[in-house]
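Below: one structure, written as structure tokens.
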Amino acid sequence: MGKGKIYMLPTPIGDTPVWDVLPQYNRTVIDRLEYFIVENTRSARRFLKKVEKEIDIDVLNFYPLNKHTS
């Protein structure tokens with residue numbers, strides 16, 4: 001089995017259109033991912049819908065990592 005990779009994906013603050021601040025390469029990465037370690041699942045799901053309206057959020061896996069995570 002090969003080594004995995006971790007991608008740190010920034011999210012825009014406020015109502016700035018996603019593609020005004022993120023490079024196109026981020027879309028390529030996001031389209032290939034199934035697993036996400038996130039601070040807030042709800043915010044992450046909303047962000048992904050802004051990135052790609054056709055994304056099927058229900059098949060993705062979200063794992064919270066925040067101050068409440070043991």
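FYI, it's all coordinate maths here, none of it is from the lab. Nothing here was measured: the structure is a model prediction, and the numbers come from that model. Because the Cβ atoms are built from the backbone with ideal geometry, glycine has one as well, and the counts that use them run over all protein chains shown.
Mean silhouette area of the chain, derived from the convex hull of its C-alpha atoms and averaged over all directions, reads 6.0 nm². The count of lysine pairs in the chain with alpha-carbon distances below 28 Å, taking only pairs 8 or more places apart or on different chains, stands at 7. The length gained on full extension between Glu39 and Glu54, counted as 0.36 nm times the residue separation minus their Cα-Cα distance, comes to 3.1 nm. Per-residue Karplus couplings for segment 50-64, computed as 6.51 cos²θ - 1.76 cosθ + 1.60 with θ equal to phi - 60°, are listed in order as 5, 5, 9, 4, 8, 5, 8, 4, 5, 9, 8, 10, 10, 10, x Hz, Gly and Pro entered as x. Taking trypsin sites (Lys or Arg not before Pro) across the chain, the ones in a DSSP loop with at most 12 further Cβ atoms lying within 10 angstrom of their Cβ are Lys3, Lys5, Lys53, Lys67.
Rounded to the nearest 500, the helix-only mean residue ellipticity at 222 nm of the chain stands at -9000 deg cm²/dmol, with each DSSP H run of n ≥ 4 adding -39,500 (n - 2.57).
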